[in-house]
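The values are calculated or read from the model by the stated rules, or taken from the named source; none is laboratory data. Remember, it's a predicted structure, so these values are computed and weren't measured experimentally. All Cβ positions, glycine included, derive from the backbone under ideal geometry; neighbour counts span all protein chains shown. The area values use the complete protein model at the heavy-atom level, side chains included, leaving out ligands, DNA and RNA. Shrake-Rupley method; radii C 1.70, N 1.55, O 1.52, S 1.80 Å.
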Amino acid sequence: MSYDKAAEERLSELVSAFICHASGHLPDDVRKRLSEMAEVENEGFAPEIYNVMKKNMEMADKLGRPSCQDTGIPQFFARVGTKFPFLDEIEPALIDAVKKATERAPLRHNAVEVFDEYNTGNNIGHKVPWIDWELVQDSDQLELYFYMAGGGCSLPGMAKVLMPLEGYEGIAKAVFDQMTTYGVNACPPCLVGIGIAGSAEVAAKLSKKALLRPVGSHNENPKAAQMEKDFEEGLNSIGLGPGGFGGKLSVMGVNIEQAARHPATLAMGLSTACWAHRRAGIRISPDFTYDFFTHKGVTL
Amino acid sequence: MSTFYFTTPVSDEDIRKVHIGDVIYLTGDITTGRDDVHIRVVNGGKDSPVDLKGKAIFHAGPIMKKISAEGEPDKYKVISVGPTTSMRMEKAEAEFLKATGTKIIIGKGGMGPKTTQGCVDNCAIHTIFPGGCAVVAAEECVDVEGVEWLDLGMPEAMWKLKAENFGPLIVSIDSYGNNLIENNKVEFQSKKEAALEGLKGKLDFMH
Ligand code: SF4
């Protein structure tokens, strides 16, 4: 089949609207968790900070603006049905959508070319937008996640390969160390994403994928789910509070994803999402109807 | 914890009234400047093109929009402006205060011992605007007076903003050498040790 320019155009218009909406509106699960946390945080600076956060979300919505000035490096995580009819058109459409959204939202210019060290001025750069691909068999849908990787919330990111004797406690130590240092500056309350695998790059990637899972969801493995709860409780007992000014809680949650490891390695990766966790997910059908499942009831 | 309403230029006397944990709402001149501005002034030895005496420097890389028509003098509007991580400026901030006479630093997260000493030496303070609240901050900036060093790019340039009751600005370093965030960090560290202790025995999946 020949290249379908019209399909590329329809896809890029849809995805551009999807990006613009995501830049100004946090997903339903994040908004719900933040208001639950605000209820609990009734001492010190916390209530005032939650008030400003709430006002910010309302004003971003009313004025149709990006809710945070750091609109991040644009990242896509695509789960592509092998029967989706426009496979060739997806990548050009995504790149074009970022270009359009950069002007329309508007998004801050955040793509700085490495080595040549200049800002490209339109959020398009070498391998940016970053696109992660997964194939889904027997599906004709394109499931697309978009994530704005801000500077402050990317800074705590890390991956490291532990020796098995350091155990899962070694993972706890690395995560808790990072969250009480870099994490304080990452606009808490954060969602914490942890990947566990056999090598650093797999663990790192899984830690970012963990952030795409809804706040409050749990790993299917009961031991992993328990570890998510234990980490969340442990981090909350430190009381970073909103903005890191202290409070009763620290994090929106802890999500863990895993891949089988090598007998001789225990690799861990950490990614954090700030309270302005701009993740958006959409499922697109071959006729371009869609389900914007992270932001229910929104028409693009 | 007290609340202050200040207008720029801010005097030493005003700065002396303020202690860590106090909250300020600031009216007047706020200029953005982050990594590159600090590098130019401190490492490059260039004079700041904006008079910052008694005024505020804002660690922020905003989204600005040109609202003037073709042929008219440039006029901009703030779309979104919020604090960036102040610690990135730690190396240069003390010298920046000395070189420019800036009285109030606005940013996100704490700053270190060099800046704390710089605040003591130059009778200045560091304050924190809640991170990620960039639309609120943008709406508190009622006018854009101009821009300098635009060659650095939109986020890095010095945007001269006119603010009205800009805040809440939580004072994190005062002119007496107190540092709120450093104090918090000590507390977080000790609670962290207790939290890790509490996880012992819960993570023994290998045996
Ligand atoms: S950490 Fe998040 S909320 Fe904070 S400034 Fe960066 S992108 Fe915005």
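Dipole of chain A, Cα-centred, from +1 at each Lys and Arg C-beta and -1 at each Asp and Glu C-beta, to the nearest 20 debye?
Details: 30 positive and 39 negative charges, 80 e Å.
Rounded to the nearest 20 debye, it is 380 debye.
All other residues whose Cβ lies under 12 angstrom from that of B:PHE188 are scored, Lys and Arg at +1 and Asp and Glu at -1, for a net of -1.
Ranked from largest to smallest solvent-accessible area, with a 1.4 Å probe on the protein heavy atoms, A:LYS54, B:LYS185, A:LYS205, B:LYS192 come out as A:LYS54, A:LYS205, B:LYS185, B:LYS192.
Below 8 Å between Cα atoms, with a sequence gap of 6+, how large is the relative contact order for segment A:205-300 in percent? Please report the intermediate quantities before stating the final value.
On the way: 96 pairs, mean separation 25.1, N = 96.
Computed value for segment A:205-300: 26 percent relative contact order.
Entry comment: accessible area of the protein assembly as shown is 41 Å² per residue, from protein heavy atoms only and a probe of 1.4 Å.
Using only the Cα atoms, work out Rg/Rh for the protein assembly as shown, with Rh taken as the Kirkwood radius, to two decimals. If you can, show how the numbers build up before the last one.
Values: Rg = 23.1 Å, Rh = 23.7 Å.
Here Rg/Rh amounts to 0.98.
Taken over the C-alpha atoms, chain B has Rg and Dmax values of 18.9, 74 angstrom.
A simple charge model with +1 on the Cβ of Lys and Arg, -1 on the Cβ of Asp and Glu and nothing else charged puts the dipole of the protein assembly as shown at about 460 debye relative to its Cα centre. Seen through its C-alpha gyration tensor, with square-root eigenvalues sorted a ≥ b ≥ c, chain A comes out oblate because a/c lies at 1.5 or above while a/b is not bigger than b/c. Based on Cα contacts under 8 Å between residues 6+ apart, chain B shows a relative contact order of 26 percent. Buried on complex formation within segment B:61-84 (loss of at least 50 square angstrom of accessible surface versus the isolated chain, 1.4 Å probe, ligands and nucleic acids ignored): B:ILE63, B:ILE79.
Put the Cα centre of segment A:166-228 next to the Cα centre of segment B:128-207 and the gap is 22 Å.
Can you tell me, using C-alpha contacts under 8 Å and at least 6 residues apart, the relative contact order of segment A:152-273 as a whole percent? Don't skip to the end; give the middle numbers.
Working: 287 pairs, mean separation 53.6, N = 122.
Reported as a whole number, the value is 44 percent.
Based on DSSP H segments of at least four residues, each scored -39500 (n - 2.57), chain A has a per-residue ellipticity at 222 nm of -12500 deg cm²/dmol. Heavy-atom accessible area buried between chains B and A is around 4200 Å² (1.4 Å probe, both sides summed). The charge dipole of chain B, taken about its Cα centre with unit charges on the Cβ atoms of Lys, Arg (+1), Asp and Glu (-1) only, comes to about 440 debye. Spatial offset of segment B:27-53 relative to segment B:58-117 amounts to 8 Å, using the alpha carbon center of each.
If you take all other residues with their beta carbon under 14 Å from the beta carbon of B:VAL42, and give Lys and Arg +1 and Asp and Glu -1, the sum is +1. The equivalent ellipsoid that matches the C-alpha gyration tensor of segment A:152-273 spans semi-axes of 22, 14, 13 angstrom, in descending order. Amide H to amide H distances under 5 Å link A:CYS190 with A:MET252, where only residues 5 or more positions off or on other chains count and H is placed in the peptide plane. Ranking B:GLN189, B:GLY118, B:THR32 by how far each Cα lies toward the positive end of the dipole of chain B (charges on Cβ) leaves B:GLN189 at the top. Applying the Karplus relation 6.51 cos²θ - 1.76 cosθ + 1.60 with θ = phi - 60° to segment B:21-32 yields 3J(HN,Hα) values of x, 6, 10, 10, 10, 10, 10, x, 8, 10, 10, 7 Hz, where x marks Gly and Pro.
Quick one: net charge of A:MET148's neighbours, Cβ under 11 Å, K/R +1, D/E -1? Cβ neighbours under 11 Å give a net charge of +2. On the protein assembly as shown, 52 percent of the accessible area sits on carbon and sulfur atoms, based on a 1.4 Å probe.
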